[in-house]
Amino acid sequence: MKDVGINVSHDIIYGTERYLECIASIGFNSIFTCGNDRDFISYVNKKCISLGLRYETLHAPFNMINGLWYEDSGKEVTDILKNSVELAEDNGIGIVITHLSSGEICPPVTDAGLKYFDELVNFAAKKNITLAVENQRKLGNIAMILELYGKDSNVAFCWDVGHEKCFAHGREYMPLFGDRCITTHIHDNNMRYNVDEHLIPFDGNIDFRRTAELLKQYNYDKTLMLEIDLPTEMSDKYNGLSVEQFTQKAFAAVNRLRIISEY
């Protein structure tokens with residue numbers, strides 16, 4: 001059976017330690033975190049080792065990612081992404097996920113940006129880290145990067161199921177890049193453009209039977225990784241649930257997807 005994973009954050013209302021203990025006990029195999037907080041990443045890594053969880057991916061910062069494509073800001077952005085790679089290497093994380101654009105209005109692919117991304121690819125390769133580019137609103141930059149760096153490179157695809165349904169105007173990404181998919185971000189929404197809700201699967205309107213069909217069609221046998229809105233002081237989406245109820249609900253949902261994608 002496929003492994004199942006879930007995102008972790010420092011600001012979850014239950015406390016990171018208790019949350020990690022619950023996801024390990026309920027049956028999750030792996031986790032990922034976002035950002036370059038060295039102390040937090042180190043702490044999570046140590047807890048994962050003690051609990052038998054795999055720290056599978058690190059999501060690089062993305063609020064500045066459009067700057068990658070400009071000569072004057074590209075170096076600074078590349079340095080931030082290199083920092084993610086270094087943190088991944090230091091903590092035994094094999095995959096760094098990165099966006100290539102942000103927002104509806106974003107820069108086109110440029111020679112400067114390709115130069116900086118190539119620098120990042122080579123840097124990551126020396127550290128045996130795979131870069132997984134995640135689908136956002138734009139297709140062209142992902143298509144160009146995955147074409148420039150073939151299957152024998154350390155560049156792959158992260159299929160974000162929720163982003164596809166609220167950003168892509170009906171476009172499906174697995175038929176385009178399914179043979180390059182190395183990890184996933186699984187979450188639900190109500191399929192309204194630009195409303196990225198990060199709901200637990202089956203709480204919104206995404207057809208997860210179609211998701212399961214595509215996972216089977218492209219022989220995806222890696223982790224089904226949830227990227228859901230965690231209960232925090234800033235988000236009360238699931239705040240009415242105890243940590244046990246929340247982790248059980250999340251696990252039941254991703255396990256349901258696992259079952260229908262394998263049978």
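Can you name the residue in the range 182-213 that is out of contact with any His (no Cβ under 8 Å at 6 or more places or on another chain) and farther than 18 Å from Arg256 by Cβ and is also surrounded by the most Cβ atoms within 10 Å (Cβ to Cβ) among such residues?
Restricting to residues being out of contact with any His (no Cβ under 8 Å at 6 or more places or on another chain) and farther than 18 Å from Arg256 by Cβ, the top hit is Thr183.
Which pairs have Cβ atoms under 8 Å, sit 6 or more apart or on different chains, and link a residue in the range 1-12 that is at negative phi to one that is aromatic (Phe, Trp, Tyr) and in a loop (DSSP other than H, G, I, E, B)?
Lys2/Tyr220; Val4/Phe28; Gly5/Phe28; Ile6/Phe28
Would you mind telling me which numbered condition in (1) crowded, with 19+ Cβ neighbours inside 10 Å; (2) touching a Lys or Arg at 6+ places or on another chain (Cβ under 8 Å); (3) more than 29 Å from Pro201 (Cα to Cα) Leu146 fails?
(3)
Does the range 235-251 include one or more residues that are of a type in the set (Asp, Glu), within 19 Å of Cys166 (Cβ to Cβ) and not in a helix (DSSP H, G or I)? Explain how you work it out, then say what you get.
Start the filter on the range 235-251 by keeping residues that are of a type in the set (Asp, Glu), which leaves 236, 244.
Restricting the remaining residues to those that are within 19 Å of Cys166 (Cβ to Cβ) gives none.
So far as the range 235-251 goes, no, none of its residues is of a type in the set (Asp, Glu), within 19 Å of Cys166 (Cβ to Cβ) and not in a helix (DSSP H, G or I).
Looking only at residues in the range 8-28 that are open to solvent by 20 Å² or more (accessible area, probe 1.4 Å) and among the polar types (S, T, N, Q), which one is farthest from Pro231 (Cα to Cα)?
Kept after step one, since they are open to solvent by 20 Å² or more (accessible area, probe 1.4 Å), are these residues of the range 8-28: 9-11, 13-15, 17-18, 21, 24-27.
From the residues that got through so far, the ones that are among the polar types (S, T, N, Q) too are 9, 25.
Details: Ser9: 10, Ser25: 19 Å.
Here the residue is Ser25.
Listed here are the residues, each with its yes/no results for (1) among the hydroxyl-bearing types (Ser, Thr, Tyr); (2) in a strand (DSSP E or B); (3) modelled with pLDDT under 95; (4) on the phi > 0 side of the Ramachandran plot.
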position: Tyr116; (1), (2), (3), (4): yes, no, no, no
position: Leu120; (1), (2), (3), (4): no, no, no, no
position: Met144; (1), (2), (3), (4): no, no, no, no
position: Ser153; (1), (2), (3), (4): yes, no, yes, no
position: Arg171; (1), (2), (3), (4): no, no, no, no
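Among Asp221, Asp236, Asp203, which is the only one that is farther than 27 Å from Glu17 by Cβ and not aliphatic (A, V, I, L, M)? Before you say what the answer is, go through the steps one by one.
Values: Asp236 fails: farther than 27 Å from Glu17 by Cβ; Asp203 fails: farther than 27 Å from Glu17 by Cβ.
Only one candidate qualifies: Asp221.
Return yes when Asn190 is outside any helix (DSSP H, G or I), more than 17 Å from the chain's Cα centre (by Cα), modelled with pLDDT of 95 or more and within 21 Å of Gly140 (Cβ to Cβ) and no when it is not. Please lay out each step first, then the result.
On the way: outside any helix (DSSP H, G or I): yes; more than 17 Å from the chain's Cα centre (by Cα): yes; modelled with pLDDT of 95 or more: yes; within 21 Å of Gly140 (Cβ to Cβ): no.
Considered against the rule, which asks whether it is outside any helix (DSSP H, G or I), more than 17 Å from the chain's Cα centre (by Cα), modelled with pLDDT of 95 or more and within 21 Å of Gly140 (Cβ to Cβ), Asn190 comes out as no.
The values are calculated or read from the model by the stated rules, or taken from the named source; none is laboratory data. Computed from a predicted structure; not experimentally measured. Please note: Cβ atoms are built from the backbone with ideal geometry, for glycine as well, and neighbour counts cover all protein chains shown. Side chains included, ligands, DNA and RNA excluded: accessible areas come from the protein's heavy atoms. Shrake-Rupley method; radii C 1.70, N 1.55, O 1.52, S 1.80 Å.
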